[in-house]
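The values are calculated or read from the model by the stated rules, or taken from the named source; none is laboratory data. Quick caveat, the model's predicted, so the values are computed rather than measured. Here the Cβ is made from the backbone with ideal geometry for all residues, glycine too, and neighbour counts use every protein chain on show.
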Amino acid sequence: TEEKKALIRTQALFDVGVRTFRVYSPEPGSAVLATVKALRKRFGNDIEIFAGQVIDVDQAKALEAAGADGLYVGIGGGGRCITGVRSGSVINWPDIVWSMRGEISIPVIVEGGASDHIATTLAIGATGIGVSRIAGGGTIESPGGMLFCVDENGKFFKPYGGEASARTKYLDKHMLPFGIPSFVEGETRKAQMAYYQYATPTMAFNIYSLTEDVILSYVFRAVRELHEFHAIDPSPLRRKTAVGEAMQKTH
């Protein structure tokens, strides 16, 4: 079973000092819950367990009751992920996170496009935001080091595809009949280099820039901590229509 395989891997990592683990499956099902229960039974409170991807409040409650220390929400909504399109799934993590308010007491981390609107994501009820391309793409830490490509506009970039892109499937030899890569759920796109005259394009630089968005979301709501932001009553969130957006652009 999946939980037995997970126990073997977890034990090997635990033996070399790892104490924080993530139980991950992009599809809903019982495997994540069973694995969380198995890990908590084996390791007790000696490890931290984050679990996902959560699709509804009932699953979130079950994972918390099983011993999860935190939850991950978000499927197929990132800058390069096409899971939502291929599976016909609605990108509905804002609704899920909002519905969890007052229902669970452990952190909720959102990924899959959440970094595009950090203030909104936090206001909805998220505790944290998972990032990939926006933090690691186009940096000297990504493959190639200081070697960058240049597009037709003279902008520096690196190709960025992720584990579900066709090129990664080819490299890992995950192939189906007729020579097609197995279940491609990601596109290979460009990760632009963030250029500033006195800054090297690093992951640390990108993450620091993202924290500025968090700070500004606090400042403009006159709060100092995340729990104060979550507790604003009435909520600062407002529905935005296409007409409203068009009118806003005149200003």
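Brief remarks follow.
- Among (1) in the same structural domain as Lys158 (by TED's automatic domain parsing); (2) at negative phi; (3) touching a Lys or Arg at 6+ places or on another chain (Cβ under 9 Å), the one test that Pro236 misses: (1)
- Flag for Gly125 being out of contact with any Lys or Arg (no Cβ under 9 Å at 6 or more places or on another chain) and either under 21 Å from Arg22 (Cβ atoms) or of a type in the set (A, V, I, L, M) (or both): no
- Under the condition of being buried (at least 16 other Cβ atoms within 10 Å of the Cβ), at pLDDT 85 or above and part of a loop (DSSP other than H, G, I, E, B), the residues counted in segment 141-176 number 2.
- Close Cβ contacts (under 7 Å, 6 or more residues apart or on different chains) running from residues in segment 201-217 that are more than 17 Å from Gly128 (Cβ to Cβ) to residues that are among the acidic types (Asp, Glu) comprise Thr202/Glu141.
- Among all residues of segment 128-138, there is at least one that is within 15 Å of Leu210 (Cα to Cα), in a loop (DSSP other than H, G, I, E, B) and of a type in the set (Val, Ile, Thr).
- Filter result for Ile124 (within 30 Å of Asp58 (Cα to Cα), in contact (Cβ under 8 Å) with a residue 60 or more places away in the chain and of a type in the set (Val, Ile, Thr)): yes
Rundown of residues vs (1) of a type in the set (Asp, Glu); (2) under 30 Å from Ser87 (Cα atoms); (3) surrounded by 11 or more Cβ atoms within 10 Å (Cβ to Cβ), yes/no style:
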site	(1), (2), (3)
Ile8	no, no, no
Phe14	no, no, yes
Val18	no, no, yes
Pro26	no, yes, yes
Ala31	no, yes, yes
Asn45	no, no, no
Glu48	yes, no, yes
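- Within segment 50-70, if we keep just the residues that are surrounded by fewer than 24 Cβ atoms within 10 Å (Cβ to Cβ) and of a type in the set (A, V, I, L, M), the residue that is nearest to Asp116 (Cα to Cα) turns out to be Ile55.
- Options Ala231, Ala191; residue that is free of Cβ contacts under 8 Å to residues at least 24 places away in the same chain and out of contact with any Asp or Glu (no Cβ under 7 Å at 6 or more places or on another chain): Ala231
- Output for segment 158-179, where each listed residue is within 20 Å of the chain's Cα centre (by Cα) and closer than 20 Å to Glu27 by Cα: Gly162, Glu163, Ala164, Ser165
- Some residue of segment 110-126 being of a type in the set (D, E, K, R), assigned by TED's automatic domain parsing to the domain that holds Pro26 and surrounded by 15 or more Cβ atoms within 10 Å (Cβ to Cβ): yes
- Condition check for Gln11: within 17 Å of Ala126 (Cα to Cα) and free of Cβ contacts under 8 Å to residues at least 60 places away in the same chain: no
- In the set Ser89, Ser182, Ser115, Ser132, only one residue is modelled with pLDDT under 85, closer than 23 Å to Ser25 by Cβ and touching a strand residue (DSSP E or B) at 6+ places or on another chain (Cβ under 7 Å); that residue is Ser115.
- Pair list, Cβ under 6 Å, 6 or more apart: segment 33-51 residue in a strand (DSSP E or B), other residue surrounded by fewer than 19 Cβ atoms within 10 Å (Cβ to Cβ): Glu48/Thr20; Glu48/Asp69; Ile49/Asp69; Phe50/Arg22
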